[in-house]
Amino acid sequence: MGFELDRFKGTVDPDFKCNLCNKVLEDPLTTPCGHVFCSGCVLPWVVQQNSCPVKCQRISAKELNHVLPLRNLILKLEIKCDNHARGCDAVVTLQHLAEHAETCDFSPAKCGNRGCEEVVSARDLDAHMREACEHRAAGICEGGCGLTLTLREQKSSGHCCKHADIKKFQVFQLDFKFLRWFFSCVETDLFPKLQRKLYFAS
Ligand SMILES: [Zn+2]
Ligand SMILES: [Zn+2]
Ligand SMILES: [Zn+2]
Ligand SMILES: [Zn+2]
Ligand SMILES: [Zn+2]
């Protein structure tokens, strides 16, 4: 498949177009009959049909040849970055497109926080992961389990803390121990007096 025509500056020479995809030739191959197509367009066609796509003669894939001078001319054309729609204004020669894409600030980058599916521009990735992402680490669980919670878990209390239950149980146990101690005091010293008081009161 070739390069979309609207990505090039100005009008593109018709000789640079592929007869199959009608876009600017990508890695052009020529048939023995002199027709030129992108390699990605013509190879599957010839393998299946054993003929030139313009239906002039029967050919095999072995008979297709690279057209280096044409390829070199096309590589000199100026093209908009793949990330033009994402905001990149760079226009580079086709030859340098791959090189630019590697360092383009607008390349799509997937958020690295677990559970986040968001794709942002490379230049915004850091800010997204640290400031905007709902799945970023926001702090340690206050229930006491020691787990790091994401912002989303904190906001929606989506973390069902096992430790919180244990803590409630421990508080209950403490209360129980206190009551046992209290009653043991009551039994030994105060309780008989209290009992007597109650007895005489009734
Ligand atoms: Zn093509
Ligand atoms: Zn032909
Ligand atoms: Zn770019
Ligand atoms: Zn994210
Ligand atoms: Zn917890």
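Could you work out the relative contact order of segment 5-75? I mean the mean sequence separation of Cα pairs under 8 Å and 6+ apart, divided by the number of residues, in percent. Provide the component values of the computation, followed by the final result.
On the way: 94 pairs, mean separation 19.8, N = 71.
The normalised contact order for segment 5-75 reaches 28 percent.
I'd like the Kirkwood hydrodynamic radius of segment 5-75, using the inverse of the mean 1/r over distinct C-alpha pairs, in Å. Walk me through the intermediate numbers first.
Details: mean 1/r = 0.0813 Å⁻¹.
For segment 5-75, inverting the mean 1/r across all distinct Cα pairs yields 12.3 Å.
Cα to Cα, under 12 Å, and not fewer than 8 places away if on the same chain: which aspartates and glutamates meet these conditions relative to Lys110?
Glu118, Asp124, Asp126
Distance in nm between label sites at Gln49 and Lys76, each 7 Å beyond Cα in the beta-carbon direction?
3.2 nm
Report the Cα centroid-to-centroid distance between segment 27-64 and segment 99-133 in angstrom, as an integer.
Using only Cα atoms, the two centres lie 41 Å from each other.
Across 5 Å bins from the origin, how do the percents of Cα pairs in segment 108-156 run, short distances first?
5, 25, 27, 19, 12, 8, 4, 1
Treating the beta-carbon of each Lys and Arg as +1 and of each Asp and Glu as -1, no other charges, what is the dipole magnitude of segment 5-75 about its Cα centre, to the nearest 20 debye? Please list the in-between numbers first.
On the way: 8 positive and 6 negative charges, 21 e Å.
Roughly 100 debye for segment 5-75.
Each value in this text was obtained by applying a stated rule to the coordinates, not by laboratory testing. Quantities reported herein were computed from a predicted structural model and do not represent experimental measurements. Note: ideal-geometry Cβ built from the backbone for every residue, glycine included; neighbour counts use all protein chains shown.
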